[in-house]
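Note sheet for the following structure.
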């Protein structure tokens, strides 16, 4: 299976934040934003592997700056690293004041997906080829994030009874 450049998976979505998507502070609900992030990351993962995917993990949701009603948000996602059947996808959310043009990073996160075939079983994915300095840095640091995810999965705080 041939490796694919990170740019092949890059997916971007822009949307306006309406009143129904905000809380009593006038800022976007975190849960609504997480849904939008998962959706754009699914697109990036599918572009990379050419198959269906399922969300396996979401971590490092860092809410840096509030997103206000009436602002636009741009979600950018791409595959940073792969294993045999899984892909790590980074998402950066930028907020923009449409009146002033001021842009800022509002949220960043990593979401992991597993590629699945029509039978619902995991299937192999191609490696990713980083092309830019940012892509190379994310690719180099991905194994450390993978290890942290693996450790987190093995720590069981809630046990089925």
For the stretch 121-145, give me each residue that is assigned to a loop (DSSP other than H, G, I, E, B) and out of contact with any strand residue (DSSP E or B) (no Cβ under 8 Å at 6 or more places or on another chain). 121, 132
List the number of the failed condition for residue 18; all other conditions in (1) in contact with a strand residue (DSSP E or B) (Cβ under 7 Å, 6 or more places away or on another chain); (2) farther than 19 Å from residue 117 by Cβ hold. (1)
Given the structure, is residue 148 loosely packed, with under 14 Cβ neighbours inside 10 Å, more than 18 Å from the chain's Cα centre (by Cα) and not in a strand (DSSP E or B)? no
In the stretch 100-126, the residues that are farther than 30 Å from residue 17 by Cα and either loosely packed, with under 15 Cβ neighbours inside 10 Å or without any contact (Cβ under 8 Å) to a residue 40 or more places away in the chain (or both): 117, 118, 119, 120, 121, 122, 124
Mind checking whether some residue in the stretch 27-49 is over 17 Å from the mean Cα position of the chain (by Cα) and on the phi > 0 side of the Ramachandran plot? no
Selected residue [at pLDDT below 95 and surrounded by fewer than 18 Cβ atoms within 10 Å (Cβ to Cβ)] from 34, 15, 1: 1
Looking only at the stretch 59-82, and only at residues there that are touching a helix residue (DSSP H, G or I) at 6+ places or on another chain (Cβ under 7 Å), surrounded by fewer than 17 Cβ atoms within 10 Å (Cβ to Cβ) and farther than 13 Å from residue 105 by Cα, the one that is modelled with the highest pLDDT: 69
Taking residue 149 as meeting all but one of (1) at pLDDT 95 or above; (2) farther than 23 Å from residue 8 by Cα; (3) in contact with a strand residue (DSSP E or B) (Cβ under 9 Å, 6 or more places away or on another chain), write down the number of the exception. (1)
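The values are calculated or read from the model by the stated rules, or taken from the named source; none is laboratory data. This is a predicted model, so every value here is computed, not measured. Here the Cβ is made from the backbone with ideal geometry for all residues, glycine too, and neighbour counts use every protein chain on show.
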